[in-house]
Amino acid sequence: MPDDLDKRQAETPGESGSMGDARSEGNGGDRRLDRRSFFKATGALAVAAGLVSACDTPTPREQPPVPPRPLPESAPQSRVPGPFEEVPRTPAQAPDPAILEFFSLQEARTVEALAATILPGSPDDPGAREAGVLNYIDHLLSHRHGFAEAIYRLPPFAEPYSGEEPPSTPADGPQPVWVQADELPRYGYQSSLTPREIYRRGLQMVDSYSRSQYGARLTDLSEDDQESVVETMADSPGELFDGGGVRGQGGQLGGDEETGFHAPALREFFEVLRSHVIEGMFADPLYGGNRDLVGWYMLGYPGAQRAYTPPELRTEGTTREPQSIAQLPHFHPGQPANDHVILPVSGSDRREGR
Amino acid sequence: MAIVHPKVDVVTVGAGWTAGILAWKLTNEGRSVVSIEQGPAQWAHPDFAWNHDSLRYSTRKAMMANISQESWTWRPDARRPSLPMRRFGAFHPGHGIGGSAAHWSAMLWRFTPYDFQYRSYYEERYGEGKLPEGSTVQDWPVTYEELEPYYDAFEYDIGASGRAGNLEGELIPGGNPFEGARSRPFPNPPLESTLPSYTFADAARRLGYHPFPQPSGILSRAYTDPFGRTRSGCLYCGFCTRFGCEVDAKSTGLTTHTPLALQSGRYEIRSQSKVLQVELDGDGMATGLTYIDLITGEEHFQPAELVILSGYTLTNVRLLLLSRSRQHPDGVGNDRGQVGRNCTHQIWENPATGVFDGRRFNLFMGNTSTIQVLYDFYGNAVDHGDLDFIGGSSLFSTIGEREPVTSVGNLPIGDGKRWGREWKEAMRRQWDSYVPITMQGESLAYRQHFYDLDPIYKDTHDLPLLRFTFDWTDNERNLYRFMRSRSEEIMRAMGATSSSTQEELPEYNLHAYKSTHMTGGAIMGHDPGDSVTNRYGQVWDTPNVFVTGAALYPQNPGANPTGTLAALAYATGDALAARYFRNPDEMLD
């Protein structure tokens, strides 16, 4: 492992530099890389990108054995909001699909192409594009750096290592928490990146890969080639736990050995995209996706209903039309709701506390 | 300087269900009670009236404790580093009035007589060598028979739904034949079950097993409780676990005990207020709770005669460890090093999942209690003579309340691509046709599994997080394999078009939800040498501090903990009301 660390330092640009510069040096032109070297290259990029934000990075020769971690974008010490107060309320209306709040136009096109590859569709058989998944993701990322749920973000963040022993750390510097790389997935989500950073860096990695492999950015590729790119992302190395669904709740965002821990691995970016495609396709349309309830029609899911009856549970299939929360009938204690009378409930006579 | 409030008789950590039960019992006796609750005030009306939002509640965990302020750290063993749970995974503690029970699934169990005599049972039947190495399981200081009147009272007070299997020793067909004797039938009939649950029950019966409907804390019909409060029956709306119930059909502290306590005028809840520690005097007795008003950031002190730690398991254990004084240098309850022992979790897995091509089961209706269950593999129902594990598991059919955002990610069932046209096709074909069989398995206590304070990670008030050191052992892995075979057997009999099996118990991890049933850490016992509290949750070394909830459990049965922690709170409430205040600060016996 010490070898690998040395290599990272050697590839770290001394002062300024950007992901763009590093890319043009690292895998510029249309020279094709095999998959493995691609991952190595993006890994080095990731480390570089992470260090750039600590502006006064010393020259490689002067660096301590383990470089101090750059502060994550929204760690409590940095400039963005502190503790998360509340999960955002259900929106009263969907965001305007004509406005991009976060992505650049080109980023938006790339996200949409990726989403439409993950969940394809057509006007007759809507998929992520037709459902407005892009709109959902863009709106999500426009607030609180993309955090929509409470996340524990106090440092230190984990640093992966491979081999028997963790690398030595100077006693006077910051003390990272070293975790064996293949053990890390058991600890679940450990990323220091914000969702915005994951998208910004992930999209650059995808385009860089697309240019190196196909000589064009993702949005200019044929559908087949776009599928190959997504296939590469989905199958890229790195341990991954059961992402998505009630058990996984999205993918591991943190690093594997190949990329270091400062940028999403491609596969992690794929998992984030996939979980956001699921949310954009199947959450209530008030969140900006699932336009015209196309996701729910596809599944045969009636969405927000006030009540079902025991005979409906005992019958196969349903004739109920899907509806959004916005279409739910009003509901007050003492009034009928569907075929039930709603009895007084707790709180209808008082509000204690605050 | 802290703002000091007038002294009250009792102060509780949190305004969850056990706090509500104790507040109700004690205000009935004229005592004044204050609860310090870190979450918001919340009631069915209006807070839950428009909550059919899967993204906000199931994905983003709107009802859960604020993990950005305080989380928990985990490591698999003492040689490896601990890391915090940065986003909700393995368990889901709630906050706000009603606590975790405000969003519970309402699977309402009594533990069986065997659960309370765990160690004796195995030693007497199989000899001491049968217990796995390192196991620290022990008998409870209470028996099923002693708790039965409290289970019974609680079930009638909330209007439990179910079918009795054992009425005063007589076995009733269609109920759970392995349960302890009940003095009365359930006050309400069982809930409706999902369609595949009936297929599961038929298949199980053909194999000689004994399916029964899930006992539930959800009303199956309108019910007028003993206090004259009438509530609606379940609407089967499909937004239940991780949600508050908009019609109060799901029993929680909000529906019964907390409002009754508030009606007395002697109960106050301070919401958005987070307890930092138990204050102690020079004699080592508690004087009250220090807390932070999360809105203003001001520190407060609430003095009280009696302090009740009625938070989530992990909250209670952490507060014991954080509350130190010269008399209790290692924390309240920890004078003999007992705090943190017997940390357990639960095996909650789907060993087999079938797909029934062309069927539409309406699994988005109903809830987690709309199922059929088997206790044929639960603990003492199994002969462990030739088996390579002890303990057991319940096994149950497919729950309802399937929500797209939390389920389509699991598709396709079996082999196939998780994206692209293949994935989309699987959604169309399988989403309402796949049928898991689920197990909830016992988790034994072991010497090497414990809670302590993390040396590195802190909360936003700079106090150490609670760390748990926990992993599966061979006993759990072997139990899992046994249950996998039973699940496969039943799935075959159910006639699925295709099915897929999870061969082995996945390694323990922080990210996959298991259950919110973390237990132990402040276990109850017969004497101070083997436990933190007595049978009433009264702390041996600080007798004016009581602990409620699953932190008291010596080990973790394969059943949801809520029914038992409520029954224990009833017993404690009665003992406090009738006896404690006559001789304050003395141990109850």
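What is the sum of charges, Lys and Arg at +1 and Asp and Glu at -1, for the other residues whose Cβ falls under 11 Å from the Cβ of A:Gly288?
Result for the local shell: -4.
Could you work out, residue by residue across B:66-75, how many beta carbons of other chains sit within 10 Å of that residue's beta carbon, and then give the average as an integer?
The per-residue average across the peptide is 5.
Fully extended, how many nm does the chain gain between B:Ala493 and B:Arg336 (0.36 nm per residue separation, minus their Cα-Cα distance)?
51.2 nm
Between B:Leu171 and B:Lys130, what FRET efficiency follows from the Cβ-Cβ distance if R0 is 25 Å, with the result rounded to 0.05?
Between B:Leu171 and B:Lys130 the formula returns 0.35.
Modelled label-to-label distance, B:Arg324 and B:Glu504, 7 Å Cα→beta-carbon offset: nm?
A separation of 4.1 nm, rounded to one decimal place.
If you average the C-alpha positions of segment B:391-411 and of segment B:435-497 separately, how far apart do those two centres end up, in angstrom?
Each part reduced to its Cα centre gives a spacing of 16 Å.
Simple spin-label model, 7 Å along Cα-to-Cβ: A:Arg320 to B:Glu422 in nm?
Distance between label points: 3.4 nm.
In peptide B:227-236, how many Cβ atoms from other protein chains are near each Cβ within 10 Å, on average?
That average works out to 4.
What order, most packed first, do the peptides A:183-190, A:314-321, A:274-281, A:106-113 have when packing is the mean number of other Cβ atoms within 10 Å of each residue?
A:274-281, A:183-190, A:106-113, A:314-321
What whole number of Å gives the distance from the Cα centroid of segment A:176-228 to the Cα centroid of segment A:128-172?
Between the Cα centres of segment A:128-172 and segment A:176-228 lies a distance of 12 Å.
Can you give me the distance in nm between label points at B:Arg221 and B:Glu146, each placed 7 Å from the Cα along the Cα-to-Cβ direction?
A separation of 3.7 nm, rounded to one decimal place.
Please state the charge dipole magnitude for segment A:135-222, taken about the Cα centre, from unit charges on C-beta atoms (+1 on K and R, -1 on D and E), reported in debye and rounded to the nearest 20.
480
For an R0 of 51 angstrom, estimate the FRET efficiency from the Cβ-Cβ distance between B:Ser485 and A:Ser222 and round to the nearest 0.05.
0.55
Pick out, from B:Ser120, B:Ala160, B:Ser183, the residue whose Cα sits farthest towards the positive end of the charge dipole of segment B:112-193, with +1 on the Cβ of Lys and Arg and -1 on the Cβ of Asp and Glu.
B:Ala160
From Cα pairs below 8 angstrom and at least 6 apart in sequence, can you work out the relative contact order of segment B:130-201, rounded to a whole percent?
It rounds to 27 percent for segment B:130-201.
Mind ordering B:498-507, B:242-251 by average Cβ neighbours within 10 Å, highest first?
Listed from highest to lowest mean packing, they are B:242-251, B:498-507.
Based on Cα positions only, what radius of gyration and what Dmax would you give for the protein assembly as shown, in angstroms?
Using the Cα atoms of the protein assembly as shown, the pair Rg, Dmax is 27.6, 86 Å.
Please give the charge dipole size of the protein assembly as shown, origin at the Cα centre, charges +1 on K and R Cβ atoms and -1 on D and E Cβ atoms. Round to the nearest 20 debye.
It comes to approximately 1460 debye.
Would you work out which of A:Pro166, A:Leu140, A:Pro120 lies farthest towards the positive end of the dipole of segment A:118-168, given +1 charges on the beta-carbon of Lys and Arg and -1 on that of Asp and Glu, about the Cα centre?
A:Leu140
Rounded to the nearest Å, what's the spacing between the alpha carbon centres of segment B:293-368 and segment B:25-70? Just the number, please.
Taking the Cα centre of segment B:25-70 as reference, the centre of segment B:293-368 is 15 Å away.
Roughly how many debye, to the nearest 20, is the charge dipole of segment B:71-178 about its Cα centre, given +1 on each Lys and Arg Cβ, -1 on each Asp and Glu Cβ, and no other charges?
1060
Going by how many other beta carbons lie within 10 Å of each one, how would you line up A:Ser212, B:Ser264, fewest first?
Sorted ascending by nearby Cβ count, the order is B:Ser264, A:Ser212.
By per-residue mean of other Cβ atoms within 10 Å, what is the highest-first order of A:149-156, A:127-134?
Most protected by this proxy first, the peptides run A:127-134, A:149-156.
Summarise the partner chain shielding of A:179-190 as one whole number: the mean count of Cβ atoms from other chains within 10 Å of each residue's Cβ.
Mean shielding by partner chains, rounded to a whole number: 6.
Bear in mind that the values in this text are calculations on the coordinates, not laboratory data. Remember, predicted model here, so these are calculated numbers, not experimental data. Positions of Cβ are backbone-derived with ideal geometry, glycine not excepted, and every protein chain shown enters the neighbour counts.
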